[in-house]
Amino acid sequence: MSAQQVRPAALDRDQATKLAELMCRQLPNVATILEIIQTQATNVGPAKDPPVTDDVYDTLVWLGPYSLPCLVDRLTDTRWMPDPRSEPLLGAPVVGDVAYMILADKGVHDVLPELTHKKPNELRMDDYFLWPNIGNHRLRLQTAVRAWLLKHPNCCAAPPIVWAANAPKSRMSATELTRTRKRFSQLRPGMGPEQVLRIAGKPDAIDSGNDNDPNRWHISLLGLCANDHNENLAYIYFTERWADEIARRDPLRDRYVIVFFSAEGKLTRTFSNVAAIPPIFPATEAVWQRLMWGEPVKKK
């Protein structure tokens, strides 16, 4: 399924723009990227929307043109983030590289061949990570993408969608949301599942990562390459819910927080599309490695 065929937000411009900016700020939470393109076509039917594979990525793609400005802004972002590819054979993408991957998936033309003066079939995969890191190349890449978008104003548009439900199945009151925000503000990387449960309370669903669990794929919080990131447990908490099946939650209008844990039993990151509850993700590779694999063994 191409980016032009996916749905945009059935939100007003202001709501869609704010949601896009919220998602762009947590690009380091993108955990699955290449597998999404390969599986979208097999999961889409005329009567059902595709299940969510990665909450940040899917939201940014489904927002259509609304997420273009913030993604382009992030092209110069050189912060480290966990590699979202299941087979990271070449290169180590930073936030700006992942933003460029998503823009390409949304239908933005690949301008790198023109900038590198190479034919597309001459570019190696590592060119996409090495070339931008030289001098002012990231700024040149950003300028070229903006120039292309000015010439192609209809890029990434899609027909509006119609939501079946006219009212949410559940929605927290303002008082409940305030209490929930205070609880989640106490969460920290490295906490264990039981500690999170004591603070945040019982989740709406738990994905244990057990493929033998018949309910696993009705929840599907961990994504396709969770094992590559050594994540095997996730909790989801809804503040506003419209969908029945959690795997087919709608990140454009459902509001929720997902807490992820490593196989070491450590809170690694949280996804949040609730504006009042900020997400959590690792700031450095050293922090990420410690949460994923535990404290390194000191040499004697």
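Taking each residue as 0.36 nm, the span from N136 to W293 lengthens on full extension beyond its C-alpha to C-alpha distance by 53.0 nm.
Which pairs break 27 Å Cα to Cα here: K18/K118; K182/K266; K18/K202; K118/K151?
The pairs that break the limit, which is 27 Å between Cα atoms, are K18/K118; K18/K202.
Each of V94, V287 was scored by other Cβ atoms within 10 Å of its Cβ. Arranged with the fewest first, they read V287, V94. Residue separation of E176 and R79 scaled by 0.36 nm, minus their Cα-Cα distance, works out to 31.5 nm of gained length. What is the calculated FRET efficiency for R183 to A275, with r their C-beta to C-beta distance and R₀ = 22 Å, to the nearest 0.05? Approximately 0.85, to the nearest 0.05.
Pairwise Cα distances in the range 170-293 exceed 20 Å in 42 percent of cases. In a fully extended conformation the segment linking K151 and D127 would gain 6.1 nm over its present Cα-Cα distance, using 0.36 nm per residue.
Rule-based calculations on the coordinates, nothing more; no lab input. In this text the structure is predicted, and so the values were computed from the model without any measurement. Neighbour counts run over all protein chains shown; Cβ positions are idealised from the backbone, glycine included.
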